[in-house]
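Report on one structure; see the data block that follows.
The values are calculated or read from the model by the stated rules, or taken from the named source; none is laboratory data. Remember, it's a predicted structure, so these values are computed and weren't measured experimentally. Neighbour counts are summed over all protein chains in view; Cβ atoms, including those assigned to glycine, are modelled from backbone coordinates with ideal geometry.
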C-alpha cells in the first residue's frame with residue numbers, strides 16, 4: 001500500500017520550497033500568485049491532502065479535546081462512566097484529527113481551568129462534575145461543553161423517578177435514597193425527584209449521600225440499617241452504589257427484594273448478571289459524550305436532555 005504524498009514531493013513538483021508549499025496549503029503567510037497556482041496544481045496531481053492535525057496546527061486551533069472530570073479523588077478517572085465517555089469522545093473526534101486527553105480536576109478548579117484556557121494545544125474542553133458554569137473562564141467560551149446539570153445530561157429525574165414510583169406502586173413505603181455527592185450539581189435532580197414523591201405521598205424522607213462507588217454503597221447501607229431499621233427499599237443513583245448495597249444486605253442475611261427492594265441507575269452490563277438481577281434505569285453515556293464533544297467544537301447544542309427508561313429486574 002503506498003503512503004500519501006509528502007509535502008516535500010508537492011514542493012518539488014511545484015518548483016518551490018517546502019516552506020512556501022506549507023504556507024500555500026495552510027493558507028497562512030505570504031506567497032505569490034504563481035507559487036499558489038503551482039502548489040495547488042502539484043497537490044491536485046499528487047492527490048496530496050494535509051493531515052487534519054497539521055491543518056489544525058497551522059490554524060492555531062489546537063490538536064486535542066480535553067475531557068476534564070471534577071471530583072474529590074483522582075480515582076474518578078477509572079470510573080466506568082468516565083472510561084465509557086472517553087472512548088466515545090475519541091471515536092467522535094478522530095475524523096477531525098483530534099486526540100482526546102483525560103484530566104482530573106479538584107473541587108476548587110479555577111486555577112487549573114485558567115491554565116487549560118491558556119494552553120494552545122487544547123482545541124476544546126468537555127467538563128463533567130461541574131458545580132457552576134459561571135466559573136468557566138471567558139477564554140473557553142465557544143469551545144466548552146458540560147456534562148451534567150445545565151449542560152448535556154441524562155434525564156435522571158425521569159429514570160430514577162420512574163423507579164421510585166414503581167417502588168411505591170408495589171407497596172414500598174419506607175424508601176431510603178443513597179444520593180450523589182452534595183457538591184455535584186447533577187445530583188440535585190434525583191434528590192428532587194425523591195423528595196417530591198415522598199412529600200406527595202406523605203412518606204418519611206431518608207437520605208444518605210453517596211459518591212457513585214460500591215464502597216460507599218456498602219457504608220451507606222449500614223447507615224440506613226442503623227438509622228432506619230424498618231426500611232423496605234433502597235434507591236440509589238448509580239449501579240455501582242447499588243452493587244455495594246446488595247453486598248451488604250446479603251451479608252446481613254436480608255432478602256432482596258422480599259425484605260428490602262433495591263434500585264440502581266446506569267444499566268451497566270453487570271446489572272443484569274447480579275443475583276438477583278438489578279432493577280435500574282438506562283443512561284446513554286456514549287450518546288451524551290459524543291454530543292458533548294460536538295458541542296464543545298461548536299457543532300451541536302450545548303444543552304440537551306437524553307431519555308432514561310426503567311429496566312425492571314429481580315431486585316424489585
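Residue 296 meets the conditions (1) touching a residue at least 12 places away in the same chain (Cβ under 8 Å); (2) under 25 Å from the mean Cα position of the chain (by Cα); (3) within 24 Å of residue 161 (Cα to Cα) in every case but one. The failed one is (3).
Taking the condition assigned by TED's automatic domain parsing to the domain that holds residue 181, under 23 Å from residue 159 (Cα atoms) and touching a helix residue (DSSP H, G or I) at 6+ places or on another chain (Cβ under 7 Å), does residue 261 pass? If you could, list the steps in order and put the result at the bottom.
Details: assigned by TED's automatic domain parsing to the domain that holds residue 181: yes; under 23 Å from residue 159 (Cα atoms): yes; touching a helix residue (DSSP H, G or I) at 6+ places or on another chain (Cβ under 7 Å): yes.
Considered against the rule, which asks whether it is assigned by TED's automatic domain parsing to the domain that holds residue 181, under 23 Å from residue 159 (Cα atoms) and touching a helix residue (DSSP H, G or I) at 6+ places or on another chain (Cβ under 7 Å), residue 261 comes out as yes.
Answer yes if at least one residue in the range 102-123 is modelled with pLDDT under 95, in contact with a helix residue (DSSP H, G or I) (Cβ under 9 Å, 6 or more places away or on another chain) and within 21 Å of residue 266 (Cβ to Cβ), and no otherwise. There is no residue in the range 102-123 that is modelled with pLDDT under 95, in contact with a helix residue (DSSP H, G or I) (Cβ under 9 Å, 6 or more places away or on another chain) and within 21 Å of residue 266 (Cβ to Cβ).
Taken over the range 286-309, the criterion of being under 30 Å from residue 246 (Cβ atoms) and surrounded by fewer than 22 Cβ atoms within 10 Å (Cβ to Cβ) is satisfied by 286, 287, 305, 306, 307, 309. Of all residues in the range 254-269, at least one satisfies being surrounded by fewer than 15 Cβ atoms within 10 Å (Cβ to Cβ), at pLDDT below 95 and assigned to a helix (DSSP H, G or I).
Every residue, every condition in (1) at pLDDT below 95; (2) under 23 Å from residue 80 (Cβ atoms); (3) surrounded by 17 or more Cβ atoms within 10 Å (Cβ to Cβ), yes or no:
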{"position": "172", "(1), (2), (3)": "no, no, yes"}
{"position": "175", "(1), (2), (3)": "no, no, yes"}
{"position": "184", "(1), (2), (3)": "yes, yes, yes"}
{"position": "200", "(1), (2), (3)": "no, no, no"}
{"position": "203", "(1), (2), (3)": "no, no, no"}
{"position": "206", "(1), (2), (3)": "no, no, yes"}
{"position": "218", "(1), (2), (3)": "no, yes, yes"}
{"position": "221", "(1), (2), (3)": "no, yes, yes"}
{"position": "224", "(1), (2), (3)": "no, no, yes"}
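Across the range 104-123, the number of residues qualifying as in a strand (DSSP E or B) and without any contact (Cβ under 8 Å) to a residue 60 or more places away in the chain comes to 2. Annotation: of all residues in the range 8-21 being part of a helix (DSSP H, G or I) and buried (at least 20 other Cβ atoms within 10 Å of the Cβ), the one that is modelled with the lowest pLDDT is 21. Within the range 217-231, at least one residue is in contact with a strand residue (DSSP E or B) (Cβ under 6 Å, 6 or more places away or on another chain), on the phi < 0 side of the Ramachandran plot and not in a helix (DSSP H, G or I).
When the range 141-154 is filtered for residues that are buried (at least 18 other Cβ atoms within 10 Å of the Cβ) and either at pLDDT 95 or above or within 15 Å of residue 117 (Cα to Cα) (or both), the ones remaining, listed by number, are 143, 144, 145, 146, 147, 152, 153, 154.
Of everything in the range 76-86 that is touching a residue at least 24 places away in the same chain (Cβ under 8 Å) and in a helix (DSSP H, G or I), the residue that is surrounded by the most Cβ atoms within 10 Å (Cβ to Cβ) is 85. Sort out which residues of the range 188-216 are more than 18 Å from residue 238 (Cβ to Cβ) and part of a helix (DSSP H, G or I), and write them in order of number. Passing the criteria: 195, 196, 197, 198, 199, 200, 201.
Output the number of residues of the range 24-39 satisfying the condition of being farther than 14 Å from residue 49 by Cα and at pLDDT 80 or above. Let's see the steps before the verdict.
Narrowing the range 24-39 to residues farther than 14 Å from residue 49 by Cα: 28-38.
Restricting the remaining residues to those that are at pLDDT 80 or above gives 30-38.
Of the residues in the range 24-39, 9 are farther than 14 Å from residue 49 by Cα and at pLDDT 80 or above.
Scan the range 145-175 for residues that are in contact with a strand residue (DSSP E or B) (Cβ under 7 Å, 6 or more places away or on another chain), farther than 27 Å from residue 204 by Cα and not in a strand (DSSP E or B) and the total you get is 2. Scanning the range 172-211 for residues that are more than 27 Å from residue 71 (Cα to Cα) and touching a residue at least 60 places away in the same chain (Cβ under 8 Å) returns 172, 175. Once the range 232-253 is narrowed to residues that are touching a helix residue (DSSP H, G or I) at 6+ places or on another chain (Cβ under 9 Å) and in a loop (DSSP other than H, G, I, E, B), the residue that is nearest to residue 83 (Cα to Cα) is 238.
Limited to the range 48-75, what total is found for residues that are assigned to a helix (DSSP H, G or I) and modelled with pLDDT under 85? Let's see the steps before the verdict.
Restricting attention to the range 48-75, the residues satisfying the condition of being assigned to a helix (DSSP H, G or I) are 52-59, 74-75.
Subsequent filtering for residues that are modelled with pLDDT under 85 retains 52-59.
The number of residues fulfilling the criteria is 8.
Tell me, yes or no, whether the range 87-100 has at least one residue that is over 23 Å from the mean Cα position of the chain (by Cα), part of a helix (DSSP H, G or I) and either more than 16 Å from residue 145 (Cα to Cα) or at pLDDT below 95 (or both). Reasoning before the result, please.
Taking the range 87-100 first, the residues over 23 Å from the mean Cα position of the chain (by Cα) are none.
No, the range 87-100 contains no residue that is over 23 Å from the mean Cα position of the chain (by Cα), part of a helix (DSSP H, G or I) and either more than 16 Å from residue 145 (Cα to Cα) or at pLDDT below 95 (or both).
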